[in-house]
1. Being basic (Lys, Arg) and within 15 Å of the ligand (Cβ to nearest atom) is the filter here, so list the residues in segment 123-161 that pass it.
2. Taking residue 77 as the residue in question, decide whether it is part of a loop (DSSP other than H, G, I, E, B) and more than 17 Å from residue 157 (Cα to Cα).
3. Could you tell me whether any residue of segment 83-101 is aromatic (Phe, Trp, Tyr) and either surrounded by fewer than 17 Cβ atoms within 10 Å (Cβ to Cβ) or within 13 Å of the ligand (Cβ to nearest atom) (or both)?
4. Please determine, by comparing only the residues of segment 111-136 that are over 17 Å from the mean Cα position of the chain (by Cα) and loosely packed, with under 14 Cβ neighbours inside 10 Å, which one is nearest to residue 68 (Cα to Cα).
Amino acid sequence: MKHIPHLLLTALLAFVLTGCSKKEEPAAAAAPAAAGPRTIEITANDSMKYNLNSISLAVGEEVRLSLINVGSMPKQAMAHNIVVLKPGTDTAAFATAAAAAVANDYIPPALNDQVIAHTKMLGPKQTDSIVVKFTAPGEYPFLCSFPAHYQVGMKGTITVR
Ligand SMILES: [Cu+2]
């Protein structure tokens, strides 16, 4: 009979302790939500335009470039991507080579060493993102490698300082 009150006390203590720790969990879990790279949203439309043509970043910054094709034309006629290139890349030559690289989703294999990162080629309402860490200062060109889009103005610069 002496053991019963002791067991009850132990159970009560366990309940109180569990209850206390559960109350603290939401506050503790909320803290890491802000971590991770900053997201920069870029849209591409049926008029062959990005909403952003210049982006400024700090050296060492890691960002998520998120591309959204907000157009509605079929993918065969109007698709978009973002290709981030190394500083100093001949972008016109890259775009010309890309137009011929249909089989490789318009990324020319011969110029792969100039590509830092690229999204998939997106049809209407599709989205894709790339995470890039810019460790060196410079002017990083970006463009859409779908045929003729670069020439119409789907290009820009990421300036890293
Ligand atoms: Cu495009």
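1. At the first step, the residues of segment 123-161 found to be basic (Lys, Arg) are 125, 133, 155, 161.
Passing the criteria: 125, 155.
2. On the way: part of a loop (DSSP other than H, G, I, E, B): yes; more than 17 Å from residue 157 (Cα to Cα): yes.
Yes: the conditions hold for residue 77.
3. Restricting attention to segment 83-101, the residues satisfying the condition of being aromatic (Phe, Trp, Tyr) are 94.
Keeping just the survivors that are either surrounded by fewer than 17 Cβ atoms within 10 Å (Cβ to Cβ) or within 13 Å of the ligand (Cβ to nearest atom) (or both) gives none.
No, because not a single residue in segment 83-101 is aromatic (Phe, Trp, Tyr) and either surrounded by fewer than 17 Cβ atoms within 10 Å (Cβ to Cβ) or within 13 Å of the ligand (Cβ to nearest atom) (or both).
4. Step by step, filter segment 111-136, then rank; the result is 112.
Read-outs: derived from the displayed coordinates by stated rules, not from any lab. As the structure is a prediction and not an experimental result, all values here were calculated from the model. A quick note on method: Cβ atoms are made from the backbone with ideal geometry, for glycine too, and the neighbour counts reach across all protein chains shown.
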